[in-house]
1. Output the direction-averaged projected area (hull surface divided by four) of the convex hull of the alpha-carbon atoms of segment 120-182, in nm².
2. Quick check: the distance between the Cα centres of segment 3-82 and segment 199-273, to the nearest angstrom?
3. Within segment 261-317, which trypsin sites (Lys or Arg not before Pro) sit in a loop by DSSP and count at most 14 neighbouring Cβ atoms inside 10 Å?
4. Viscosity 0.890 mPa s, temperature 25 °C: Stokes-Einstein D of segment 1-117 from its Kirkwood Cα radius, in µm² per second?
5. Filter the chain for me: DSSP H helices, axial length by Cα at least 18 angstrom, mean Kyte-Doolittle hydropathy not below 0.0. List them by residue number.
6. Rounded, prolate or oblate: which fits segment 30-76, taking a ≥ b ≥ c as square roots of the Cα gyration tensor eigenvalues, rounded meaning a/c under 1.5, else prolate when a/b beats b/c?
7. Suppose every Lys and Arg Cβ carries +1 and every Asp and Glu Cβ carries -1, with no other charges. What dipole size does segment 120-182 come out with about its Cα centre, to the nearest 20 debye?
8. Could you state the orientation-averaged shadow area of the convex hull built on the Cα atoms of the chain, in nm² to one decimal?
Amino acid sequence: MKPLVLVIAGPTASGKTEVGILCASALGGEIISADSRQVYRGFDIGSAKPSPEWRAIVPHYFIDCADAEESYTAGRFAREAAARILEIAARGKRPIVVGGSGLYIRALMDGLFDDSVFDIKTERERLRVELAARGAAVLYAELARCDPAAAASISPANVPRILRALEVCRATGMPYSVVRQERMVEVPFEGWYCGIRWPRPELYARIERRVDEMFRRGLVEEVRALLERGTDPNARAFNGVGYREVAAYLHGSLTRDEAVRLVKQHSRNYAKRQMTWFAKDTRIRWYEARNADDLPRIASRIEEDYLAEETRREASH
């Protein structure tokens, strides 16, 4: 049988990290972090990385694996994490994917588009030049003409996805939505999906408390140190909520109070986008939380349900 991967998803501040560690400890698991911000070295407090103490309890992978200036894509994550999952399973451990980056989880668990037979690189370079000269709106209009289905699923503001779809259209002469479906690489494992869901007011209150704690723990000092080391403030890693706002404060364009307020607002907005993304995935079994004391109980229920699914799969084979 293919390994059965436990996937624990949910919005920011929902308690995924704690539940994941509890489940991994009980199940003999190791954690694949599916978080597009935690991959970057030095971006610790604002990305809410698990503490060194927690990471000492259970092995974690894909934390601190890229420099700020690197473009760590969902595709790279999927390739590297898939290999790690198979390695974990081969040692008799249970792979557990924990994170809130829906695109990372989808790329890993649903398969990658194989573009190795196409001359994608040439079109990619041309599009970068055109983007600078003509702007994203012109390229999005081209995508809408050559692949209406892809354009309908991509925000006009999501420039990386526009470029990705358009480079495939140009390289193949076919709609990206069609080519991607035809050339998906099969995933060598299966997923059992669960998520932690809170009433929105309680989740937003948790987010605000977390932001206050980040500032108390030294988020401003962390960002100042990154900038003093010469980290490019336009680097991809600085796109994470918390970093761009604090950088603006340090540059004098925001007061500290304004930065705190914006980090809270943008974190709530991010959580809303995450909830919208995950709500579309009917495979996710949701566990309801109302206070922090619920998280150990939820972890126990996830463990029981996951083991029941393992038993069912074994019986069916």
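1. Numbers: hull surface 14.8 nm².
Value for segment 120-182: 3.7 nm².
2. Measuring centre to centre over Cα atoms gives 20 Å.
3. Those satisfying the criteria are Lys280, Arg283, Arg290.
4. Values: Rh = 14.5 Å.
Calculated translational D: 170 µm²/s.
5. 74-90, 159-172
6. oblate
7. Value, rounded to 20: 140 debye.
8. Here the figure is 17.6 nm², rounded to one decimal.
No value in this document is a laboratory result; all are computed from the given coordinates. All figures in this text were calculated on a predicted structure; none of them were measured in a lab. FYI the Cβ positions are ideal-geometry reconstructions off the backbone, even for glycines, and counts take in every protein chain you see.
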